[in-house]
Amino acid sequence: MSNEIQQRIREQVTTHPVVLYMKGNPQFPQCGFSANAVRILNTLGVKKLFTVDVLQDADIRQGIKEYANWPTIPQLYIKGEFVGGSDIMTEMYQNGELKQLL
């Protein structure tokens, strides 16, 4: 994994308050897990969501898995910290933790 990709990811997650690495975009998610992640964030009223479509960039798609040491996409970052994927987001949404983080 190139340092350049890791640096790009680090920059994305630290310069935006809420970042979602997903398949597709919020208007047209390309998988159910990404759609679920966007739905949760919309329900919680996230206005400044920065998304990265990993299908458009193979380097980022691989790099983000290594960056968080997390094998699946979507991946949510809040204030530069890795939160989790779709399952974790769903769980945190249901128990109120996600709302507190945001």
(request) Check segment 83-91 and report whether any residue there is more than 13 Å from the chain's Cα centre (by Cα), on the phi < 0 side of the Ramachandran plot, of a type in the set (D, E, K, R) and surrounded by 13 or more Cβ atoms within 10 Å (Cβ to Cβ). (result) no
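Within segment 7-55, how many residues are β-branched (Val, Ile, Thr) and in a helix (DSSP H, G or I)?
Taking segment 7-55 as the starting set, the residues that turn out to be β-branched (Val, Ile, Thr) are 9, 13-15, 18-19, 38, 40, 43, 46, 51-52, 54.
Narrowing the set further to residues that are in a helix (DSSP H, G or I) leaves 9, 13-15, 38, 40, 43, 54.
So the count comes out to 8.
Taking segment 1-52 as the search range and keeping residues that are among the basic types (Lys, Arg) and at pLDDT 95 or above, which one is surrounded by the most Cβ atoms within 10 Å (Cβ to Cβ)?
At the first step, the residues of segment 1-52 found to be among the basic types (Lys, Arg) are 8, 10, 23, 39, 47-48.
Next, from what is left, pick out any that are at pLDDT 95 or above: 8, 10, 23, 39.
Values: Arg8: 17, Arg10: 13, Lys23: 20, Arg39: 16.
Result: Lys23.
For segment 63-74, give me each residue that is more than 23 Å from Glu91 (Cβ to Cβ) and either of a type in the set (A, V, I, L, M, F, W, C) or surrounded by 14 or more Cβ atoms within 10 Å (Cβ to Cβ) (or both). Working first, answer last.
Quick first cut of segment 63-74, residues more than 23 Å from Glu91 (Cβ to Cβ) only: 63, 66.
Gly63 - this is the single residue of segment 63-74 that is more than 23 Å from Glu91 (Cβ to Cβ) and either of a type in the set (A, V, I, L, M, F, W, C) or surrounded by 14 or more Cβ atoms within 10 Å (Cβ to Cβ) (or both).
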(request) Those residues that are aliphatic (A, V, I, L, M) and either touching a residue at least 24 places away in the same chain (Cβ under 8 Å) or at positive phi (or both), I need them from segment 49-78; list them, please. (result) Leu49, Val52, Val54, Leu55, Ile60, Ile64, Ile73, Leu76, Ile78
(message) I'm trying to understand the selection: among the residues of segment 15-37, which are touching a strand residue (DSSP E or B) at 6+ places or on another chain (Cβ under 9 Å) and over 19 Å from Pro71 (Cα atoms)?
(response) Thr15, His16, Pro17, Val18, Asn25, Pro26
(message) I'm trying to understand the selection: among the residues of segment 56-102, which are in a loop (DSSP other than H, G, I, E, B) and among the aliphatic types (A, V, I, L, M)?
(response) Ile73, Leu102
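The values are calculated or read from the model by the stated rules, or taken from the named source; none is laboratory data. Model, not experiment: these values are computed from the prediction. Quick reminder, even Gly has a Cβ in these numbers, built from the backbone with ideal geometry, and neighbours come from all protein chains shown.
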